[in-house]
Structures are given as C-alpha cells and as structure tokens.
Amino acid sequence: MKIVACNSNPPLAEAVAAALDLPLAKALIRRFADMEIHVEILENVRGEDVFVIQSTAFPANDNLMELLITLDALRRSSARRITAVIPYFGYARQDRRTSPRTPISAKLVANLITEAGANRVLTIDLHAGQIQGFFDIPVDNLYGAPLFARDIKERFAGRDIMMVSPDVGGVARARAIASRLNCDLAIIDKRRERAGVSEVMNVIGDVEGRNCILIDDIVDSGGTFCNAAEALLLHGATSASAYVTHGVLSGRALDRIEASPIETLTITDSIRLDTSRACPANLRVLSIAPLLATAMRNISEETSVSSLFD
C-alpha cells in the first residue's frame, strides 16, 4: 500500500499517512514555465495498491489536472490498483442540466478520472448521491454525519438542540444527524435569485428557545448560512451554529462568517483553509484524516467500508 499526495491539501495527506503509520510515496509534481503540469513518481509502484489524495478545490482546474496526470503516471508505472481519494469532489454541483444547452460537468469529470486510470474512488459527502452512478468504477462515498454527531453530542451536552436544514434539498442530511441525536428538525425555506445569492423566506418548525444547528455539505460564499442564522434568531432561537463538511469559503466568505451571528461554524479539513488571513474566532475545523485512513486500510485489506457509516 502506497500513498501519493498531490498539492491541493498536503496537511491532510500527511495526517492520513501518519494515521496509517506509512510514509508518503516520493513523487515530484511541478510546473513548467507555462504552468504545464509535470508528474514523476520517484519510487517503484509496480504491483502496488496506490492511493492518490487530492481534493479538486480552488484552483479546481489545476487540482483536477494534477490528479488526472498523477493517475496516468501511476497507471503507466504498472500500479496494481489505483484509488483516487477525493475528499472534496469538485464540479459536483453540476450534476444535472438546470437549463437548456448546459453540461453535466460532474459526469464529464467522472469520465476523465476513470479514463486517466483510477480503479476506484473514495470521497466524502458527495453533493448529490447519484453522482456515484456517473462512474463505471466502484465509488465509496463516506459520510460526515457520524463525525458531526459525536462532536455535537460533546459540545452541546445539556443544551436543547434542533437540527436545521438550510434548504429543502438538504433535509435528508440534517434528518440523518437528528435521528442519531434523537432531536427535532427544522427547515429553512429560501429562494435563490441568482447563483451565490440567497434570500431566506421562512422557517418551517418551532425554533423558539432552541439551540439551532445548521447542517449542510458545502459552504461557499457563506451567504446562505449567515441569512439562515439571522432568520433563526429572529424567530426566537437561542443560538445558531453550523456543521458543514466542505469549507469552499470563496471570496469574502470568511469575513462574512466572522461578522455573522453564527456562534460556531464547524467544517472539516477536506479543503485546505486559506492561510493568507487569520481564521475567524467562530470557525472550527474537524479532521477527517482518521476516517479516510480507516477507509483506505479497509479497501486495501478488502474488508467492509460500510461499517464506517455507523
């Protein structure tokens, strides 16, 4: 078993390798003067079970190309099996045609990953579960719900909590955690005027006097969560917090979250945080390295991965 780390999230790859007590495989991934990507695997991988760790977050296209070229390099180096470990699967929000003459980019990316040489994909909290069907190779889609449920139980012990879905599409995700914690569920009814802009219209459920916890898979601009938190507090909620798997946090999202009434926004390290500015005081990061490491070990040893869903 060998682990190859691309450049999107080295700290996560190092944490996964440490959890497995394995060194990262030696590989050179660099740019030519025109930013063309060159990959060279610096050790023998013939007949090995190789895992490539790469999130396709910002810059999404560069990170995707790094992943594809690394997969091709390993395939041409006669690796026995190549698993693409993609903690955050970019382009997942383009999983259907929303208007005429538009692409289904998630399917295109799935085809590219397969053709590049991946034999299997390991990811966490796909934006839409049906994306697993876009691949013609096995896909293991892990869930952040068990990790979040354990953390919520510890941090909110003794408090009257309520899970909240920030939109109708995320109800199943919020309900899964509400069921684990045996608590109530509310829904935010919002209308999106255009991409990246949302307006909260109504709160479905009695949130008065409750500590509300928003649950979702992606936080991008942060507008939805800030608006939802304000609406919950206006409807009498005691506090508003959020748990999100993938912190895309584009543009001025960090400033927006810092200035918002959100008590704490908890994300995972599936995407590397922007280190060019200080992290807001109300932002927390949970590591998914132990979860990925266990899944990778189980895949390598041909044992159950579904046991990690509990």
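The values are calculated or read from the model by the stated rules, or taken from the named source; none is laboratory data. Bear in mind that the values here come from a model prediction, so they are computed numbers and not experimental data. Cβ coordinates were reconstructed from backbone atoms using ideal geometry, including for glycine residues, and neighbour counts include every protein chain displayed. Side chains included, ligands, DNA and RNA excluded: accessible areas come from the protein's heavy atoms. Shrake-Rupley method; radii C 1.70, N 1.55, O 1.52, S 1.80 Å.
What's log10 of I(q)/I(0) for the range 61-137 at q = 0.15, 0.17, 0.23, 0.24 Å⁻¹, Debye sum over Cα points only, no solvent?
These q points yield log10 I(q)/I(0) values of -0.50, -0.64, -1.08, -1.15.
If each Cα of the range 4-69 is one equal point scatterer, what is log10 of I(q)/I(0) from the Debye formula at q = 0.11, 0.24, 0.28 Å⁻¹?
These q points yield log10 I(q)/I(0) values of -0.27, -1.14, -1.34.
Can you compute the equivalent ellipsoid semi-axes for the range 254-310, i.e. the square root of 5 times each eigenvalue of the Cα gyration tensor, sorted largest first and rounded to whole Å?
Values: eigenvalues 215, 32, 8 Å².
Working from the Cα gyration tensor, I get semi-axes of 33, 13, 6 Å.
Please report the carbon-and-sulfur percent of the accessible area for the range 271-310; probe 1.4 Å, protein heavy atoms only, DNA, RNA and ligands left out. It would help to have the intermediate numbers written out before the result.
On the way: 1110 of 2120 Å².
Accessible surface attributable to carbon and sulfur in the range 271-310 totals 52 percent.
Based on C-alpha coordinates, I'd like the Rg and Dmax of the range 80-193, in Å.
17.2, 52
With the radius of gyration and the Kirkwood radius both derived from the Cα set of the range 163-295, what is their ratio Rg to Rh? Can you show the working numbers first?
On the way: Rg = 14.4 Å, Rh = 15.1 Å.
Rg/Rh for the range 163-295 comes to 0.96.
Kindly sort Tyr143, Tyr88 by accessible area of their heavy atoms, largest first, with the probe set to 1.4 Å. Walk me through the intermediate numbers first.
Details: Tyr143 100, Tyr88 15 Å².
Greatest to least solvent exposure: Tyr143, Tyr88.
With a 1.4 Å probe and all protein chains kept in place, how much accessible area does Lys26 have, in Å² rounded to the nearest 10?
130
What 222 nm value per residue comes from the helices of the chain, counting each DSSP H run with n ≥ 4 as -39,500 (n - 2.57) and dividing by all residues, nearest 500 deg cm²/dmol? Let's see the in-between values first.
Details: 8 runs with 92 residues, N = 310.
One gets -9000 deg cm²/dmol as the mean residue ellipticity at 222 nm.
Percent antiparallel among DSSP beta bridges with both residues in the chain, to the nearest 5? Numbers along the way, then the final one.
Numbers: 11 of 51 bridges.
Looking only at bridges with both residues in the chain, the antiparallel portion is about 20 percent.
Need one number: convex hull volume per residue for the range 222-299, Cα atoms only, in Å³.
Details: hull volume 8.4 nm³, N = 78.
In the range 222-299, the Cα convex hull volume per residue is 107 Å³.
Round to the nearest 10 and give me the degree value, 0 to 90, for the angle of helix 289-300's Cα axis relative to the longest principal axis of the chain.
40
What's the extension gain from Arg31 to Leu273 if we count 0.36 nm per residue and subtract their Cα-Cα distance? Spell out each step's value before the answer.
Numbers: separation 242, 0.36 × 242 = 87.12 nm, distance 2.23 nm.
Working it through step by step, the gained length comes to 84.9 nm.
So how do Thr245, Thr238 rank on accessible area, 1.4 Å probe, biggest first, that is with the largest at the start?
Details: Thr245 0, Thr238 90 Å².
The residues order as Thr238, Thr245, largest area first.
As a test, work out the antiparallel percent of DSSP beta bridges whose residues both lie in the range 13-100, rounded to the nearest 5. Each step should come with its number before you reach the end.
Working: 5 of 10 bridges.
In the range 13-100, approximately 50 percent of DSSP beta bridges are antiparallel ones.
Which translational diffusion coefficient, to the nearest whole µm²/s, is obtained for the chain from the Stokes-Einstein equation, given a Kirkwood hydrodynamic radius over C-alpha pairs, 25 °C and 0.890 mPa s? Write out the running numbers ahead of the final one.
On the way: Rh = 20.3 Å.
The diffusion coefficient I find is 121 µm²/s.
Two decimals, Cα atoms only, Kirkwood Rh: what is Rg/Rh over the range 126-167?
Radius of gyration relative to Kirkwood radius: 1.16.
How long are the three semi-axes of the equivalent ellipsoid of the range 40-101, in whole Å, if each is the root of 5 times an eigenvalue of the C-alpha gyration tensor, listed from largest down?
Details: eigenvalues 161, 27, 21 Å².
Result for the range 40-101: semi-axes of 28, 12, 10 Å.
Amide H to amide H under 5 Å from Lys190: which residues, 5+ apart in sequence or cross-chain, H placed 1.01 Å off N in plane?
For Lys190, the qualifying residues are Val168, Met201.
If you project the alpha carbons of the range 1-146 onto their three principal axes, what span does each projection cover, largest first, in Å?
Reported extents, whole Å, longest axis first: 47, 43, 26.
Cut-off 18 Å, label point 7 angstrom out along Cα-to-Cβ of Phe309: give me the residues of the range 75-114 whose amide nitrogen falls inside.
Output list for this probe position: empty.
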